[in-house]
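Asker: One structure, as structure tokens, below. Some questions next.
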Amino acid sequence: MATTKRKGGTTRSERTNPRVWLYSVLLTLQYGAQPLISKRFTRREVIVTTSVLTCELAKVVCALILMVRDGSLKKVFSQWTLVGSLTASGLPAAIYALQNSLLQISYKNLDSLTFSILNQTKIFFTAFFTYIMLRQKQSIQQIGALLLLIMAAVLLSIGEGSSKGSSSSDPEQILFYGIIPVLVASVLSGLASALCQWASQVKKHSSYLMTVEMSIVGSLCLLASTTKSPDGEAIRQHGYFYGWTPLTMIPVVANALGGILVGLVTSYAGGVRKGFVIVSALLVTALLQFMFEGKPPSVYCLVALPLVMSSISIYQKYPYRVKKKES
């Protein structure tokens with residue numbers, strides 16, 4: 001029996017789609033395991049920019065292979081246009097690049113608590129922009145679930161960086177180089193996530209193609225930055241693969257597969273649900289650290305666990321429903 005899709009939302013079949021859950025679980029595991037994989041297989045001497053660039057190349061290769069496998073490659077590129085590419089992928093990629101720069105500025109001028117709280121507002125901005133662009137409404141219960149998720153994310157972030165204090169005591173510097181940049185970054189994160197969801201769900205832009213396009217744009221921006229960055233100088237002095245071993249490709253490929261999964265989760269489930277995946281992954285990281293490194297979960301993690309589980313349950317159980325008009 002066909003399902004009826006409501007405007008600005010998802011059908012019951014979409015919410016319970018096994019594919020959505022599979023992609024979400026795989027992305028949660030990848031996000032959660034990535035820090036440990038990188039720590040174990042990446043030597044300290046490896047130049048960060050080379051790792052990122054290689055990861056972007058791996059994303060392109062993986063996405064192209066998947067498009068060949070599902071038979072969409074020829075059709076996708078026959079319909080490709082520069083304007084469509086810049087709108088669907090170029091703009092979000094540029095926004096994400098600016099967001100990352102603002103976060104780096106803010107992190108140096110705020111204490112961990114303030115930074116964590118303000119940075120997690122991106123979940124609300126994602127919900128806001130998905131409503132503006134896609135008319136995707138949230139029920140009162142779902143808004144409450146988002147609040148629980150933000151609380152959990154703040155607790156987990158504090159647990160990871162509770163020893164960091166602000167490097168500045170100047171109120172004006174904290175405001176203009178700390179608070180404002182992180183708030184703008186949160187707004188940009190929500191906007192970029194909503195744009196990606198709009199491109200995939202409304203414009204039917206292939207998530208694999210978006211991965212290819214955003215990786216290319218991101219790589220070009222990164223290559224441009226190497227002309228004056230310390231990493232660029234290190235590459236020119238020591239070579240691109242300085243510090244690399246064959247095992248270095250393990251975290252690079254894992255990260256690339258995670259990038260593919262991000263596109264699929266955004267396409268099938270939306271940017272808000274991606275926020276649930278990212279916060280859940282922090283709990284997976286804590287669990288893996290305990291299993292493989294003997295590091296017990298912090299009190300923050302133990303408090304955050306029921307919050308995350310409750311928020312996911314509530315968000316799934318109480319979707320926004322359109323009130324039926326009486327005839």
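Asker: Return yes or no: is Gly243 open to solvent by less than 30 Å² (accessible area, probe 1.4 Å) and under 15 Å from the mean Cα position of the chain (by Cα)?
Answerer: no
A quick yes/no check of all residues on (1) farther than 28 Å from Tyr23 by Cα; (2) open to solvent by less than 30 Å² (accessible area, probe 1.4 Å); (3) without any contact (Cβ under 8 Å) to a residue 60 or more places away in the chain; (4) hydrophobic (A, V, I, L, M, F, W, C):
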site: Gly258; (1), (2), (3), (4): no, yes, no, no
site: Pro306; (1), (2), (3), (4): no, no, yes, no
site: Ile314; (1), (2), (3), (4): no, no, no, yes
site: Lys317; (1), (2), (3), (4): no, no, no, no
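Asker: So which of Ala254, Ala269 is crowded, with 22+ Cβ neighbours inside 10 Å, out of contact with any Leu (no Cβ under 6 Å at 6 or more places or on another chain), within 27 Å of Ser186 (Cα to Cα) and in contact (Cβ under 8 Å) with a residue 40 or more places away in the chain?
Answerer: Exactly one residue qualifies, and that residue is Ala269.
Asker: Still on this model: For the stretch 177-191, how many residues meet the condition of being modelled with pLDDT under 90 and open to solvent by 30 Å² or more (accessible area, probe 1.4 Å)?
Answerer: 2
Asker: Go through the stretch 65-140 and tell me which helices (runs of 4 or more DSSP H), entirely inside it, have 2 or more residues that are without any contact (Cβ under 8 Å) to a residue 24 or more places away in the chain. Talk me through it step by step, then tell me what you get.
Answerer: Values: elements: 73-78, 82-85, 91-107, 112-119, 122-134.
Helices (runs of 4 or more DSSP H) meeting the threshold: 73-78, 82-85, 91-107.
Asker: Run down Val48, Val20 and say which single residue is farther than 26 Å from Arg321 by Cβ and either of a type outside the set (Lys, Arg) or modelled with pLDDT of 90 or more (or both).
Answerer: On the way: Val20 fails: farther than 26 Å from Arg321 by Cβ.
Result: Val48 is the single residue among Val48, Val20 that is farther than 26 Å from Arg321 by Cβ and either of a type outside the set (Lys, Arg) or modelled with pLDDT of 90 or more (or both).
Asker: Next question, about the same structure. What are the pairs, 6+ residues apart or on separate chains, where a residue within the stretch 179-196 that is of a type in the set (S, T, N, Q) has its Cβ under 6 Å from a residue that is buried (at least 23 other Cβ atoms within 10 Å of the Cβ) and outside any helix (DSSP H, G or I)?
Answerer: Note: no pairs meet the criteria.
The values are calculated or read from the model by the stated rules, or taken from the named source; none is laboratory data. What you see is a predicted model; the values in this text were computed from it and never measured. Cβ: placed from backbone, ideal geometry, glycine included. Neighbour counts: every protein chain shown. Note: areas computed on protein heavy atoms with side chains; ligands, DNA, RNA excluded. Shrake-Rupley method; radii C 1.70, N 1.55, O 1.52, S 1.80 Å.
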